[in-house]
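The values are calculated or read from the model by the stated rules, or taken from the named source; none is laboratory data. All values reported here derive from a predicted model rather than from experimental measurement. Positions of Cβ are generated from backbone atoms using ideal geometry, with glycine treated the same way; all protein chains shown enter the neighbour counts.
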Amino acid sequence: MSSPEPQASSTLAIYLRLLTYVRPYIGLFLLSIVGFLIFASTQPMLAYILKYFVDGLSNPEASLFPANDYLPDLPLLQAVPLLIVLIAVWQGVGSYLGNFFLARVSLGLVHDLRVVLFNKLLVLPNRYFDNHSSGHLISRITFNVTMVTGAATDAIKVVIREGMTVVFLFASLLWMNWKLTLVMVAILPLIGLMVSSASKKFRKQSKQIQVAMGDVTHVASETIQGYRVVRSFGGENYEQARFQSASQSNTDKQLRMVKTGAVYTPTLQLVTYSALALVMFLVLFLRGDSSAGDLVAYITMAGLLPKPIRQLSEVSSTIQKGVAGAESIFEQLDEPSEVDHGSVELERVSGRLEVRNLSFQYPDTEQPVLHDISFVAEPGQMVALVGRSGSGKSTLASLVPRFYHHEQGQILLDGVDVEEYSLRNLRRHIALVTQQVTLFNDTVANNIAYGDLAGAPLAEVQLASAAAYADEFIVKMPQAYQTLVGENGVLLSGGQRQRLAIARALLKNAPVLILDEATSALDTESEQHIQAALDKVMQGRTTLVIAHRLSTIEKADLILVMDQGRIVERGSHAELLAQNGYYSRLHSRQFADADEEVAVEINA
Ligand code: ATP
Ligand code: MG
C-alpha cells in the first residue's frame, strides 16, 4: 500500500498467488476445463444445425454429405434430429465433467484456505488479537474464503466455458463470412473499456461488503457472549440498534454492488446488440449469393454471442470480490508470526525467575506500562504482586511466557533469557492461571487435560482435581469427569471454574506457576477451598501470584507493591507493615473492615 498506482498489477499478483492454491488440484482442474471445452464446442454446432434445417426446408431431398465417397449418404430428414440429440449428449458429458470437477476443486480450496487461516491464528502474536475483533477474524474464515473461491474457480469456469464459446463462435463466423464478422470485432475495445471501469467499482464495493459482514459477525458475537450483561443492564435497545445498523449497512453495500451490476449488464447488452443490429442490416442489405440456411446459421451464431460476452464481463465482479477477499486473507497470512528465534530447549528447569531492569510499553501506545522492574524468585519461592488496578501486574506476568515482546531489560529463567528459549519449550515450564478462566466446550476431564496434557490418564486427572479441591464437586456432576461444561464453562460456578483452572495447572506440573487471581468475590467456603487448592499448587514451585487475597499475600516470601508500573515497596508482609508506607496504607484501607475469614480484594 505504499504507492497508489499498482492497483492493477497488485490485483494480478493477488490473483496469481490465489492460483497457487489451486495447484494441488491441477489434475481435477484440467479435467473440468476439458469438460467446459466440450460444452463450448456445442454452441456453434447447434447453430450450424440450423443451416441444414433451413436448407432441408427448401430441399427435402438433400443429404448431409452430398457428393461424398466415404461418408454414408444420410438424408437431412433423419440427420438433423439425430445430430441434435447427439450434440445434447456431448454437451451433457462436458457439462458434467466441468461442473463436478470444478466443484471439487473449489470446495477443496475453501477447505485449504480456511485451514491455513486458522493455523495462522494459532501462531499470531497476542498483539494481533488485541487489535482485531474476533468477529472480523471469524468472518474472514467463514465469509471471505467463499468469496475467494468464487474468483479462483467459478470465474475460471465462466472464462473458459464462455470464453471458448465466444472463440468457437467467432471462428465459425469468420469462416462463414469474415468481412461481416470484422464489423463485430470493432466493438471489442468499447467492451474492454466498460469492463475495466466496472471492475474497479466492483472491487471497492466488495471490500466494503466484507468489512460490513465482519461488523455483523462482530456485533452478533459480542451480544451472544455478553448476553447476561446485555439483559441485566438493559442493553437490548442499544444492541438492537447496533445490529440493525451493521446489518443495514451490509445490505446497503450489497445493494450498491448489485446496482452497479444491474446498470452495467444492460448497457453492455445494448452495445453488443447494436453491433448485431448492424450486422443484420448488412446481411439483409448485401445478401449476395449465400443460401438462406447459411444466413440463418450465421445470424443465429452472431445472436448467440452477446450472452457469453455478457457473462464474461460479469465475471469481473466475481473476480473483484475474490481479489478483495484474498487481499484480506493474504494480509492475515503475511502478518509476522510470534517471534520464535530462541533455540534453548530444556527438559526441566529448577524455576529460578529473575527480572532485571525490565521496562515495557505496549506497541503503538504512548505510555510505558512497566518501569525498571527488578526482582528474583528463587526456586520454590512465592512472589506476590499487589497494587492498584492498572498498575501493570498482569502485564508483568504476561511477559514471562513471552505473550508480548519486551525491548528493555531481561527476564531470566534458570539464568537463561526467556528470549533464548524456543517458545514452546519456554511455555512448557510455565503453568498459567489467568484472571479470566478459559474453559472449552468439552468434558471436565478434557478441560483439565488440555493441549500437551491431552490423553493424560484419568487417574492423574483425578489426582490433580483432588489436589485442587475440584474432585468433590466433579464427582457430584451427572457424568462426573465426562460431564460437558458448556461454552466457556457456563454450567459451572465461578469458584468451580477457578478450581478447574487450578487443576489444569497442577496437572501440567510445571516448575513455574503464574497465577493471576480472579478478583471476583467468592463465598467463604469456595474461598477456603481455592486457598487450600492454591497452597497445594504452590508447593515446590516458583510462583508469581497477582494476589487479591490477604491469606495469599501474607504467606508470600516476597511482596512487590506496584504503582503506575514501578515497584514502590518490597519485602515480607511483616516488613512492609512495619515500614508503615504504601503497603500498610493499602492494607489498612482494604482490610480494615474485612473479618478474619473473608478475604477481600486488595486491588481497588
Ligand atoms: P488489574 O489489577 O485491574 O488486573 P493490572 O495491574 O493487571 O490491573 P494491567 O492489565 O497490567 O494492569 O494493565 C496495565 C496498563 O497497561 C493499563 O494502563 C492498561 O490500560 C494497559 N494495557 C493492558 N493491556 C494492554 C494491551 N493489550 N494493549 C495496550 N495497553 C494495555
Ligand atoms: Mg490484571
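When you scan the range 112-192 for helices (runs of 4 or more DSSP H) that lie fully inside it, which ones turn up with 3 or more residues that are within 30 Å of Val34 (Cα to Cα)?
The helices (runs of 4 or more DSSP H) meeting that bar are 145-149, 155-185.
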Report summary line: Of Arg402, Arg388, the only residue that is of a type outside the set (S, T, N, Q) and farther than 26 Å from Gln539 by Cα is Arg388
Query - In the range 108-143, residue farthest from Phe243 (Cα to Cα) [restricted to those that are hydroxyl-bearing (Ser, Thr, Tyr) and within 16 Å of ligand 1 (Cβ to nearest atom)] - result: Tyr128
Requested in this report: Would you point out which residue out of Ser9, Ser63, Ser3 is polar (S, T, N, Q), touching a Pro at 6+ places or on another chain (Cβ under 7 Å) and at pLDDT below 85?
Outcome: Ser63
Query raised in the report: Which of the following residues is touching a residue at least 60 places away in the same chain (Cβ under 8 Å) and within 30 Å of Val283 (Cα to Cα): Leu353, Leu333, Leu312?
Result: Leu312
Report task. Mind listing whichever residues of the range 392-404 are more than 9 Å from ligand 2 (Cβ to nearest atom) and outside any helix (DSSP H, G or I)? Result -> Val400, Pro401, Arg402, Phe403, Tyr404
Query raised in the report: From Gly380, Gly392, Gly387, which residue is in contact with a Gly (Cβ under 7 Å, 6 or more places away or on another chain), at pLDDT below 90 and either within 16 Å of ligand 1 (Cβ to nearest atom) or on the phi < 0 side of the Ramachandran plot (or both)?
Result: Gly392
Report task. Can you tell me which residue within the range 405-445, out of those that are out of contact with any helix residue (DSSP H, G or I) (no Cβ under 7 Å at 6 or more places or on another chain), of a type in the set (Ser, Thr, Tyr) and over 17 Å from Arg352 (Cβ atoms), is farthest from ligand 2 (Cβ to nearest atom)? Result -> Ser422
Query - Total residues in the range 133-168, condition more than 27 Å from the chain's Cα centre (by Cα) and not aliphatic (A, V, I, L, M) - result: 5
Report task. Restrict the check to the range 356-377 and report whether at least one residue is touching a residue at least 40 places away in the same chain (Cβ under 8 Å), out of contact with any Asp or Glu (no Cβ under 9 Å at 6 or more places or on another chain) and more than 16 Å from ligand 1 (Cβ to nearest atom). Result -> yes
Report task. Among what's in the range 274-313 and is part of a loop (DSSP other than H, G, I, E, B) and among the polar types (S, T, N, Q), pick the residue that is surrounded by the fewest Cβ atoms within 10 Å (Cβ to Cβ). Result -> Ser291
Query raised in the report: Can we say Gln91 is more than 27 Å from Ala326 (Cα to Cα), modelled with pLDDT under 90 and in a helix (DSSP H, G or I)?
Result: no
Query raised in the report: So, of the residues in the range 314-327 that are buried (at least 24 other Cβ atoms within 10 Å of the Cβ) and of a type in the set (A, V, I, L, M, F, W, C), which turns out to be modelled with the highest pLDDT?
Result: Ala326
